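One structure below.
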Amino acid sequence: MSSPAPNRTVLVVEDDPVMQGSLVALLEANGLSCVTASNGEEALLSCALAPPGLILLDIRMPGMDGIETCQHLKAHPVWAEIPVIVLTGSGEPETELRVREAGSIFYVTKPFSPERLLTAVRLALDAHAA
């Protein structure tokens, strides 16, 4: 009996529609499927409907920010194992510390190279599938 195929769906949580579209285009061009959310509340609803294999999460969003969203995800028994990669415009060390404490496995600063982001996504998905 074979094991189920790993979940290669990425939930892209980004409030800027241009950035969200660019992220989806990049990921889909590299063989991944994507679903989107524009804020933390939508991200939690999306996870409740169909948990993704990975969450790409912006920090600065209206309402529930990315750190609070990550904390909610990691506190949920079903979603706690979903890897989270945080995207942010802040390169401040305290921001990186806060996202790691919230449960993010990678921290990518904007602007980023597509190769760097794709490497982080692939590493996270492969580690989660193992």
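Each reported figure results from applying straightforward, stated rules to the coordinates on display, with no laboratory input. What you are looking at is a predicted structure, and each value in this text was computed from that prediction instead of being measured. Methodologically, a virtual Cβ is constructed for each residue, glycine included, from the backbone with ideal geometry; neighbour enumeration extends over all protein chains shown.
Using only Cα atoms, figure out Rg for the chain and give it as a multiple of 2.2 N^0.38 Å.
Cα Rg divided by the expected 2.2 N^0.38 Å: 0.97.
Convex hull over the alpha-carbon atoms of the range 29-78: what's its volume per residue in Å³?
Numbers: hull volume 4.1 nm³, N = 50.
With only Cα atoms used, the range 29-78 gives 82 Å³ per residue.
Given the rule -39500 (n - 2.57) for each run of at least 4 DSSP H residues, summed and divided by the residues of the chain, what is its mean residue ellipticity at 222 nm, to the nearest 500 deg cm²/dmol?
Dividing the helical sum by the residues of the chain leaves -14000 deg cm²/dmol.
Can you give me the long-range amide H partners of K110? Hydrogens built in the peptide plane at 1.01 Å from N, cutoff under 5 Å, separation of 5 or more residues or another chain.
Here the answer is T88, G89, S90, since their amide H atoms fall under 5 Å of that of K110.
How would you rank T69, T88, T36, going from fewest to most other Cβ atoms within 10 Å of each one's own Cβ? The partial results should precede the final answer.
On the way: T69 28, T88 21, T36 18.
Starting with the residue having the fewest Cβ neighbours, the order is T36, T88, T69.
Would you mind putting 51-58, 16-23 in packing order, based on average other-beta-carbon counts within 10 Å, highest first?
51-58, 16-23
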